[in-house]
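Everything below concerns the one structure shown next.
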Amino acid sequence: MQYRPVEGWGRLPEGWFFVEATSVAVDASDNVWVFNRGQHPVIVFDRDGKFLRSWGEGLIRRAHGINIGPDGSVWLTDDLHHTIRQFTPEGKLLLTIGDPDQASTLHGGKPFNRPTHSAICPKTGNIYISDGYGNSRVHKFDPTGRPLQAWGEPGTDPGCFNIPHNIATDAAGLVYVADRENSRVQIFDGGGKYLDQWKNLHRPCGLYADLRNDVFYVGELPTHLPVNKAVPNIGARVSILSIKGELIGRVGGRFAGEKPGEFVAPHGVAVDSRGDFYVAEVSFTAVGQLETPPRELRSLQKFARA
(Lines give C-alpha, C1' and ligand atoms only; values in the text may rest on other atoms or scores of the structure.)
Protein backbone atom coordinates (compact mmCIF):
# COMPACT_ATOMS: atom_id res chain seq x y z
CA MET A 1 0.00 0.00 0.00
CA GLN A 2 1.31 3.42 -1.01
CA TYR A 3 -0.05 6.70 0.36
CA ARG A 4 0.61 10.38 -0.13
CA PRO A 5 -0.13 13.16 2.37
CA VAL A 6 -2.84 15.61 1.31
CA GLU A 7 -1.30 18.92 2.35
CA GLY A 8 -3.58 21.57 3.84
CA TRP A 9 -6.52 19.20 4.25
CA GLY A 10 -9.17 20.24 6.80
CA ARG A 11 -9.04 24.03 7.06
CA LEU A 12 -10.71 25.58 10.08
CA PRO A 13 -12.81 28.74 10.10
CA GLU A 14 -10.78 31.88 10.67
CA GLY A 15 -9.70 32.28 14.28
CA TRP A 16 -10.35 28.65 15.20
CA PHE A 17 -7.70 26.29 16.54
CA PHE A 18 -7.49 22.59 17.31
CA VAL A 19 -4.78 23.14 19.95
CA GLU A 20 -4.33 19.45 19.13
CA ALA A 21 -6.50 16.75 17.59
CA THR A 22 -6.75 13.74 19.86
CA SER A 23 -8.88 11.35 17.81
CA VAL A 24 -10.64 11.05 14.47
CA ALA A 25 -13.59 9.05 13.12
CA VAL A 26 -15.33 8.63 9.76
CA ASP A 27 -19.09 8.19 9.35
CA ALA A 28 -21.05 6.31 6.67
CA SER A 29 -21.05 9.38 4.42
CA ASP A 30 -17.26 9.70 4.65
CA ASN A 31 -17.54 12.82 6.78
CA VAL A 32 -14.55 13.14 9.10
CA TRP A 33 -15.10 13.84 12.79
CA VAL A 34 -12.21 15.41 14.70
CA PHE A 35 -12.16 15.36 18.51
CA ASN A 36 -9.82 18.09 19.72
CA ARG A 37 -8.74 20.16 22.70
CA GLY A 38 -9.67 23.57 21.28
CA GLN A 39 -12.79 25.61 22.02
CA HIS A 40 -14.86 23.58 19.53
CA PRO A 41 -14.27 19.97 20.61
CA VAL A 42 -16.18 18.13 17.87
CA ILE A 43 -15.48 19.41 14.36
CA VAL A 44 -16.84 17.78 11.20
CA PHE A 45 -15.38 18.01 7.68
CA ASP A 46 -16.45 16.40 4.44
CA ARG A 47 -13.97 14.07 2.78
CA ASP A 48 -12.52 16.96 0.76
CA GLY A 49 -11.71 18.86 3.95
CA LYS A 50 -14.55 21.38 3.82
CA PHE A 51 -15.72 22.47 7.27
CA LEU A 52 -19.32 21.42 7.92
CA ARG A 53 -20.16 22.09 11.57
CA SER A 54 -19.07 21.77 15.20
CA TRP A 55 -20.55 21.09 18.62
CA GLY A 56 -19.54 20.12 22.15
CA GLU A 57 -18.57 23.58 23.35
CA GLY A 58 -18.54 23.60 27.16
CA LEU A 59 -19.19 19.84 27.44
CA ILE A 60 -15.69 18.40 27.43
CA ARG A 61 -13.07 18.37 30.18
CA ARG A 62 -10.33 16.67 28.18
CA ALA A 63 -10.93 15.25 24.73
CA HIS A 64 -9.47 11.79 24.15
CA GLY A 65 -11.33 9.26 21.99
CA ILE A 66 -14.09 9.38 19.36
CA ASN A 67 -15.77 6.65 17.36
CA ILE A 68 -18.95 6.34 15.30
CA GLY A 69 -21.37 3.53 16.14
CA PRO A 70 -23.10 1.39 13.50
CA ASP A 71 -26.24 3.52 13.95
CA GLY A 72 -24.31 6.73 13.30
CA SER A 73 -24.22 7.83 16.93
CA VAL A 74 -21.06 9.50 18.21
CA TRP A 75 -19.17 8.08 21.18
CA LEU A 76 -16.84 10.43 23.06
CA THR A 77 -14.32 9.30 25.67
CA ASP A 78 -13.36 12.13 28.01
CA ASP A 79 -10.55 10.93 30.22
CA LEU A 80 -10.78 13.66 32.88
CA HIS A 81 -14.59 13.39 32.92
CA HIS A 82 -14.13 9.63 33.54
CA THR A 83 -17.00 8.90 31.13
CA ILE A 84 -17.91 7.51 27.76
CA ARG A 85 -20.89 9.38 26.31
CA GLN A 86 -23.09 8.58 23.35
CA PHE A 87 -24.50 11.48 21.32
CA THR A 88 -26.64 11.92 18.25
CA PRO A 89 -24.74 13.31 15.24
CA GLU A 90 -26.27 16.69 16.15
CA GLY A 91 -24.83 16.57 19.67
CA LYS A 92 -27.80 15.47 21.78
CA LEU A 93 -26.72 13.33 24.74
CA LEU A 94 -28.17 9.79 24.66
CA LEU A 95 -26.18 7.80 27.22
CA THR A 96 -23.48 8.35 29.84
CA ILE A 97 -21.35 5.47 31.15
CA GLY A 98 -19.29 6.39 34.20
CA ASP A 99 -19.36 8.95 36.98
CA PRO A 100 -18.02 12.33 35.81
CA ASP A 101 -17.21 13.47 39.34
CA GLN A 102 -15.70 10.33 40.85
CA ALA A 103 -12.73 8.44 39.48
CA SER A 104 -12.38 4.84 40.60
CA THR A 105 -9.47 3.76 42.79
CA LEU A 106 -6.14 3.92 40.95
CA HIS A 107 -5.58 0.50 39.30
CA GLY A 108 -8.37 -0.96 41.41
CA GLY A 109 -10.12 -2.51 38.41
CA LYS A 110 -13.50 -0.79 38.73
CA PRO A 111 -14.67 1.69 36.08
CA PHE A 112 -13.34 4.30 35.40
CA ASN A 113 -10.04 6.00 36.09
CA ARG A 114 -9.21 8.10 33.03
CA PRO A 115 -10.66 5.87 30.30
CA THR A 116 -9.14 6.23 26.87
CA HIS A 117 -11.37 4.86 24.09
CA SER A 118 -14.40 2.73 23.23
CA ALA A 119 -15.39 0.27 20.51
CA ILE A 120 -18.76 -1.13 19.46
CA CYS A 121 -19.00 -4.81 18.51
CA PRO A 122 -20.66 -4.99 15.06
CA LYS A 123 -22.25 -8.36 15.91
CA THR A 124 -23.79 -7.65 19.33
CA GLY A 125 -23.72 -3.88 19.85
CA ASN A 126 -21.80 -4.45 23.08
CA ILE A 127 -19.46 -1.66 24.12
CA TYR A 128 -15.82 -2.28 25.01
CA ILE A 129 -13.92 0.43 26.89
CA SER A 130 -10.16 0.69 27.48
CA ASP A 131 -9.50 2.01 30.98
CA GLY A 132 -6.94 3.56 30.67
CA TYR A 133 -4.43 5.94 32.21
CA GLY A 134 -5.38 5.22 35.82
CA ASN A 135 -6.50 1.63 35.40
CA SER A 136 -5.34 -1.55 33.63
CA ARG A 137 -8.64 -2.93 32.48
CA VAL A 138 -11.10 -3.54 29.67
CA HIS A 139 -14.80 -3.17 30.54
CA LYS A 140 -17.67 -4.65 28.56
CA PHE A 141 -21.18 -3.16 28.60
CA ASP A 142 -24.38 -4.05 26.79
CA PRO A 143 -25.91 -1.51 24.36
CA THR A 144 -27.94 0.08 27.18
CA GLY A 145 -24.82 0.72 29.27
CA ARG A 146 -25.31 -2.20 31.69
CA PRO A 147 -21.97 -3.68 32.84
CA LEU A 148 -21.36 -7.25 31.70
CA GLN A 149 -17.77 -8.10 32.60
CA ALA A 150 -14.20 -6.80 32.81
CA TRP A 151 -10.69 -8.19 32.49
CA GLY A 152 -7.05 -7.23 32.87
CA GLU A 153 -4.65 -6.16 35.60
CA PRO A 154 -1.37 -4.22 35.76
CA GLY A 155 1.62 -6.05 34.34
CA THR A 156 3.41 -7.38 31.29
CA ASP A 157 2.11 -10.95 31.04
CA PRO A 158 -0.51 -11.93 28.46
CA GLY A 159 -3.83 -10.39 29.44
CA CYS A 160 -2.17 -7.72 31.60
CA PHE A 161 -1.88 -4.06 30.61
CA ASN A 162 0.43 -1.08 30.94
CA ILE A 163 -1.79 1.77 29.73
CA PRO A 164 -4.53 0.19 27.58
CA HIS A 165 -4.78 3.20 25.33
CA ASN A 166 -7.08 2.26 22.48
CA ILE A 167 -9.48 -0.51 21.53
CA ALA A 168 -11.16 -1.92 18.42
CA THR A 169 -13.30 -4.85 17.35
CA ASP A 170 -13.23 -6.78 14.10
CA ALA A 171 -16.14 -8.15 12.06
CA ALA A 172 -16.09 -11.42 14.01
CA GLY A 173 -16.32 -9.65 17.36
CA LEU A 174 -12.73 -10.13 18.50
CA VAL A 175 -11.32 -7.35 20.67
CA TYR A 176 -7.98 -5.65 19.99
CA VAL A 177 -6.31 -3.54 22.69
CA ALA A 178 -3.42 -1.14 22.12
CA ASP A 179 -1.35 -1.93 25.22
CA ARG A 180 0.73 1.18 24.78
CA GLU A 181 3.61 0.99 27.22
CA ASN A 182 3.98 -2.75 26.69
CA SER A 183 4.47 -1.95 22.97
CA ARG A 184 1.96 -4.51 21.76
CA VAL A 185 -1.59 -5.04 20.58
CA GLN A 186 -3.35 -7.81 22.49
CA ILE A 187 -6.22 -9.82 21.01
CA PHE A 188 -9.12 -11.32 22.98
CA ASP A 189 -12.37 -13.03 22.18
CA GLY A 190 -15.59 -11.23 23.06
CA GLY A 191 -15.55 -12.78 26.53
CA GLY A 192 -12.07 -11.56 27.40
CA LYS A 193 -10.12 -14.77 26.69
CA TYR A 194 -6.57 -13.95 25.62
CA LEU A 195 -5.81 -15.20 22.11
CA ASP A 196 -2.67 -13.56 20.74
CA GLN A 197 -0.51 -10.44 20.61
CA TRP A 198 1.31 -8.37 17.98
CA LYS A 199 4.72 -7.20 19.12
CA ASN A 200 6.38 -5.53 16.11
CA LEU A 201 5.17 -2.11 17.31
CA HIS A 202 6.42 0.82 19.36
CA ARG A 203 4.06 2.39 21.91
CA PRO A 204 0.87 1.74 19.90
CA CYS A 205 -1.45 4.63 20.57
CA GLY A 206 -4.01 4.90 17.77
CA LEU A 207 -5.85 1.77 16.61
CA TYR A 208 -8.39 1.34 13.83
CA ALA A 209 -9.91 -1.84 12.38
CA ASP A 210 -11.01 -1.54 8.75
CA LEU A 211 -13.84 -4.07 8.82
CA ARG A 212 -14.27 -4.04 5.05
CA ASN A 213 -10.77 -5.37 4.41
CA ASP A 214 -9.66 -6.93 7.73
CA VAL A 215 -6.78 -4.44 7.87
CA PHE A 216 -5.56 -2.63 10.98
CA TYR A 217 -3.99 0.81 11.21
CA VAL A 218 -1.81 1.44 14.25
CA GLY A 219 -0.54 4.89 15.17
CA GLU A 220 2.73 4.54 17.09
CA LEU A 221 4.29 7.12 19.38
CA PRO A 222 8.03 7.84 19.18
CA THR A 223 10.35 7.34 22.11
CA HIS A 224 10.03 9.67 25.08
CA LEU A 225 13.49 8.77 26.42
CA PRO A 226 16.69 10.74 25.73
CA VAL A 227 18.77 7.53 25.67
CA ASN A 228 17.25 6.26 22.39
CA LYS A 229 16.16 9.53 20.81
CA ALA A 230 18.74 9.06 18.04
CA VAL A 231 17.53 5.55 17.14
CA PRO A 232 15.54 5.61 13.87
CA ASN A 233 12.39 3.68 13.00
CA ILE A 234 10.90 3.36 16.48
CA GLY A 235 7.47 4.90 16.35
CA ALA A 236 6.30 8.24 14.95
CA ARG A 237 4.54 6.29 12.21
CA VAL A 238 1.39 4.43 11.21
CA SER A 239 1.81 0.69 10.69
CA ILE A 240 -0.67 -1.22 8.55
CA LEU A 241 -1.22 -4.85 9.54
CA SER A 242 -3.27 -7.77 8.27
CA ILE A 243 -5.75 -9.49 10.57
CA LYS A 244 -3.00 -12.06 11.20
CA GLY A 245 -0.60 -9.33 12.35
CA GLU A 246 1.49 -9.41 9.18
CA LEU A 247 3.07 -6.08 8.27
CA ILE A 248 1.56 -4.66 5.07
CA GLY A 249 3.22 -1.26 5.13
CA ARG A 250 4.31 1.73 7.17
CA VAL A 251 3.78 5.46 6.71
CA GLY A 252 6.01 8.06 8.34
CA GLY A 253 9.63 9.18 8.56
CA ARG A 254 12.63 7.54 10.21
CA PHE A 255 12.25 10.03 13.07
CA ALA A 256 9.49 12.24 14.41
CA GLY A 257 9.05 15.40 12.33
CA GLU A 258 6.72 18.08 11.04
CA LYS A 259 7.16 17.64 7.28
CA PRO A 260 4.16 16.34 5.31
CA GLY A 261 4.02 12.59 5.80
CA GLU A 262 6.00 12.71 9.04
CA PHE A 263 4.47 12.44 12.50
CA VAL A 264 5.06 13.96 15.92
CA ALA A 265 2.68 11.91 18.06
CA PRO A 266 0.03 9.81 16.25
CA HIS A 267 -2.86 9.39 18.69
CA GLY A 268 -5.89 8.41 16.58
CA VAL A 269 -6.49 6.87 13.14
CA ALA A 270 -9.58 6.36 10.97
CA VAL A 271 -10.16 5.11 7.41
CA ASP A 272 -12.83 6.12 4.91
CA SER A 273 -14.67 4.01 2.33
CA ARG A 274 -12.06 4.69 -0.37
CA GLY A 275 -9.15 3.54 1.77
CA ASP A 276 -7.81 7.01 2.54
CA PHE A 277 -6.86 7.44 6.17
CA TYR A 278 -6.74 10.26 8.70
CA VAL A 279 -4.40 10.74 11.64
CA ALA A 280 -4.90 12.88 14.75
CA GLU A 281 -1.79 13.82 16.72
CA VAL A 282 -1.29 15.11 20.26
CA SER A 283 1.57 17.23 19.00
CA PHE A 284 1.03 20.12 21.43
CA THR A 285 1.26 17.83 24.46
CA ALA A 286 4.27 15.99 23.01
CA VAL A 287 6.26 18.97 21.71
CA GLY A 288 4.46 22.29 21.35
CA GLN A 289 3.81 23.01 25.01
CA LEU A 290 7.48 22.42 25.82
CA GLU A 291 8.79 25.05 23.42
CA THR A 292 9.47 28.71 24.26
CA PRO A 293 7.07 30.22 23.53
CA PRO A 294 4.60 27.32 23.26
CA ARG A 295 3.16 26.85 19.77
CA GLU A 296 0.45 24.83 18.10
CA LEU A 297 1.85 22.25 15.70
CA ARG A 298 -0.04 20.48 12.93
CA SER A 299 -2.19 17.79 14.51
CA LEU A 300 -4.33 16.44 11.64
CA GLN A 301 -3.30 14.79 8.39
CA LYS A 302 -5.05 12.99 5.56
CA PHE A 303 -3.33 10.32 3.47
CA ALA A 304 -4.70 9.33 0.07
CA ARG A 305 -4.02 6.07 -1.72
CA ALA A 306 -1.25 6.75 -4.22
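The values are calculated or read from the model by the stated rules, or taken from the named source; none is laboratory data. Being a predicted model, the structure only gives us computed values, none of them experimental. Virtual Cβ from ideal backbone geometry, glycine too; neighbours counted across all protein chains shown. The protein model used for the area step is the full one, side chains on, heavy atoms only, and it has no ligands, DNA or RNA in it. Shrake-Rupley method; radii C 1.70, N 1.55, O 1.52, S 1.80 Å.
For (1) free of Cβ contacts under 8 Å to residues at least 24 places away in the same chain; (2) among the aliphatic types (A, V, I, L, M); (3) closer than 20 Å to Asp79 by Cα; (4) open to solvent by less than 40 Å² (accessible area, probe 1.4 Å), each residue gets a yes or a no:
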{"position": "Gly155", "(1), (2), (3), (4)": "yes, no, no, yes"}
{"position": "Ile163", "(1), (2), (3), (4)": "no, yes, yes, yes"}
{"position": "Gly190", "(1), (2), (3), (4)": "no, no, no, yes"}
{"position": "Asp210", "(1), (2), (3), (4)": "no, no, no, yes"}
{"position": "Asp214", "(1), (2), (3), (4)": "no, no, no, no"}
{"position": "Ser242", "(1), (2), (3), (4)": "no, no, no, yes"}
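The set of residues in the range 274-306 being open to solvent by 70 Å² or more (accessible area, probe 1.4 Å), part of a loop (DSSP other than H, G, I, E, B) and either within 21 Å of Asp46 (Cβ to Cβ) or in contact with a Leu (Cβ under 6 Å, 6 or more places away or on another chain) (or both) consists of Arg274, Arg298. Count of the range 199-225 residues, restricted to those that are in contact with a Leu (Cβ under 8 Å, 6 or more places away or on another chain) and of a type in the set (D, E, K, R), is 2.
Of Ser29, Ser118, Ser54, all but one fail to be assigned to a strand (DSSP E or B) and open to solvent by 20 Å² or more (accessible area, probe 1.4 Å); the exception is Ser54.
List the strands (runs of 3 or more DSSP E) inside the range 131-247, counting only whole elements, that have at least 1 residues being among the small types (Gly, Ala, Ser).
Fully inside the range 131-247 and qualifying: 147-151, 164-169, 175-179, 204-210, 215-220, 237-242.
Being open to solvent by 50 Å² or more (accessible area, probe 1.4 Å), touching a Gly at 6+ places or on another chain (Cβ under 8 Å) and not in a loop (DSSP other than H, G, I, E, B) is a property that holds for Arg4. Return yes when Val264 is among the hydrophobic types (A, V, I, L, M, F, W, C) and free of Cβ contacts under 8 Å to residues at least 24 places away in the same chain and no when it is not. Criteria not met by Val264.
Taking Val264, is it among the β-branched types (Val, Ile, Thr), more than 19 Å from Ala25 (Cα to Cα), in a loop (DSSP other than H, G, I, E, B) and within 19 Å of the chain's Cα centre (by Cα)?
Values: among the β-branched types (Val, Ile, Thr): yes; more than 19 Å from Ala25 (Cα to Cα): yes; in a loop (DSSP other than H, G, I, E, B): yes; within 19 Å of the chain's Cα centre (by Cα): yes.
Yes; evaluated as a whole, the condition is true for this residue.
For the residues Asn162, Asn166, Asn135, the requirement of being within 23 Å of Leu80 (Cα to Cα) and touching a Cys at 6+ places or on another chain (Cβ under 9 Å) singles out Asn166.
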